[in-house]
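Asks: Supplied in structure tokens, the structure appears directly below.
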Amino acid sequence: MSIKGIFRAVTLIGADTLDLNERSRIIKVNILAIVTGVMALFFGTFFYIVSGKLGLFLGTFVEGSACFYVIFLNKQRKYDIAAFYLQMIHNAATFYFGCLLAGVVEASLLAIFLIGTSLLIVKDKMFRTTCIVVALITLIMLEVNRIAGIIPPYDFTPVSRIIIHYSAILVIVSLNILIIMFYVKHNDQLLTAQKEHSENLEKQVQFRTAELEKANNYKSLFLRETNHEIRVPLNAIYSISQLLLMDAKKNNDTAYIKQAEHLCAASHHALDVINNVLELSRIEAGKLHEVHNEAFPIRSLLDNIVDTGQYIAKTKGVRIVLSYNKRKLPALLVTDKVKLTQIINNLLFNAVKFTADNSTITLSAIVENDTCSIKVKDQGEGISEDKIIPIFDPFITGWNSFSGGTGLGLHIARHLATLLGGDISVESVVGKGTEFSFTFPLLACAVPAAREEVAEVPETRTDNTTLYTGVKVLVIEDDDMSRIYLSQYLRRLGCELESCGTGADTIELLHHYTPDIILADRHLPDMEAGEILAYVRNTPMLSRVPVIVISGDVFEEDRIATIEAGATAYLIKPVDFKLLNVALKQCLNSPALL
């Protein structure tokens, strides 16, 4: 029997019940038990090898063994006890490793996971309430121990500290993504149940609708919080990978360049998964329908998309070629820039995943009559006719060794294409490759004389440090790692740096310090970026200082609200240094620096 077959057989242990909801819950408990048990044994052994701390190995060995006992309880049909027991294991492990690894990783990042699993797998109301209370007590005890130092954390060497830190972050991100997918699937099951009973059982429909709304509220809250918590460490990882890549290219270290590119690609893939899950939740909630049209240079947008995609493509030896007719493609295009970018990115990343190694992907823009077509063509294995029909359905994806996926990218791309008045079609030849085409109405606008040259010339890709020499930049960020690596990049540009971690410290500093540019996180422990913006705009000496807000909030309404509050630009975590460079250059031309 294959590994996949063994895994499926184990997840079905104890799930031989006629109640489909109960069966689904049992399978989720088994999957969580297997995943957490295997991860505990693997990383416990790995951490022991790296650090030599026997306590880590023994703790993970006990945790892993206890997790596998959960499956035995399900086999004995003790379903509620199994789910409750698994949650107690998670809480105990969080406290134990949260104390020992307090100096390396923030265990409170597992708060969403502990509460999310309590709501998802624990059916009995008393058990569920107990699990949530125990989770809160666990977090409080960790905080008390952090302050009082009752259980001292382990000391690690600098190298082992870095390895264990990012390995632990990987574990936390993986567990949170797993729970997100369970919630999405759970929501789909509720939707299906609602449709099946809508005609004949009005009372049951009302009950299911209320249950669905409750699940959606839980999911929306969970997704928003998890999105923010994941993007904070991912921002540090992506910043480090970009700095490593810059150093490798500067030193012409070919092997190091490849490793840094792999790290960049992995960061982009994690971001792609998070973004697609968030977009699906908004589609299901009926919130992803507003279109914000604006005029923008389409050619530079395509150039930037190709540059970003090439990060990922290089890891497969794939080359992305951009093709368009300068005479036919207008300099400025009018549509929703954010949605168009997401459509192209989803199609392009899908092509990178399924094209052959060391092949070529062609991204082309073709203008015919009153329409514009964005085409993405790969050189992969192609798609058979029977698989083309459902390819735009959610969670439909093919396997490939390069990268996994949620199967949401094409589904979301087609939905966004419809909002823009267009459609996505696909043509494929088995053995030769596949071409996706996004066709939408062409709405161009005249290029003002002052902007014509800018629209025609691609954005510079060089880091000219003399451009920023002496520019005073204030970085407001409460996450230490994000602040450190963002500051490192800005210092490389030649900027003079000041930094703050809270809103109160920021206001105090601005009483006697006038920066040229401010970079502010949207959410601080004691203040929102809107309050800082209000203070800056209402202070005569600061009113013209450009403010770039950096946030993990990805929704368009968040960006619009921040811009309306007075922000000069809005960047989303993890921060792409190329986009930050563009925003900084725009700030250099603002009235405050002229």
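Asks: Considering only Cα-Cα distances, which of the following residue pairs are longer than 28 Å: K53/K249; K185/K339; K353/K578?
Replies: K53/K249
Asks: Can you bin the range 465-593 into rounded, prolate or oblate? Criterion: square roots of the alpha carbon gyration tensor eigenvalues sorted a ≥ b ≥ c, rounded for a/c under 1.5, prolate for a/b above b/c, oblate for the rest.
Replies: Rounded, because the longest to shortest axis ratio a/c is under 1.5.
Asks: Once you place label points 7 Å from the Cα toward the Cβ at N21 and E385, how far apart are they in nm?
Replies: 4.4
Asks: Follow-up question, since we're still on this one. Given H placed 1.01 Å from N in the peptide plane, which residues other than close sequence neighbours of V471 have an amide H under 5 Å from its amide H?
Replies: Those lying under 5 Å, H to H, from V471 are E496.
Asks: Assuming R0 = 22 Å, what is the FRET efficiency of I151 and T502, from their Cβ-Cβ distance, to the nearest 0.05?
Replies: That pair, I151 with T502, gives E of 0.20.
Asks: What is the gain in length, in nm to one decimal, between V430 and A9 on full extension, counting 0.36 nm per residue of separation less the C-alpha to C-alpha distance?
Replies: Full-extension gain reported as 148.2 nm.
Asks: Which pairs in the list K326/K377; K328/K387; K326/K585; K28/K123 are over 24 Å apart, alpha-carbon to alpha-carbon?
Replies: Violating the 24 Å limit, Cα to Cα: K328/K387; K326/K585.
Asks: Still on this structure, please answer the following. Quick query: amide H of A565 versus all other amide H atoms, modeled in the peptide plane; which residues come in under 5 Å with a sequence gap of 5 or more or a different chain?
Replies: Under 5 Å from the amide H of A565 lies no amide H from a residue far enough along the sequence or on another chain.
Asks: Work out how much length K472 to R544 would gain on full extension: take 0.36 nm times their residue separation and subtract the Cα-Cα distance, in nm to one decimal.
Replies: Full extension of this stretch gives 24.5 nm more.
Computed from the coordinates by the stated procedures, all read-outs in this text should not be read as laboratory data. Everything numeric in this text was worked out from a predicted model, so none of it was measured. When we count neighbours, we look across all protein chains shown, and the Cβ atoms used for this are built from the backbone with ideal geometry, even at glycine.
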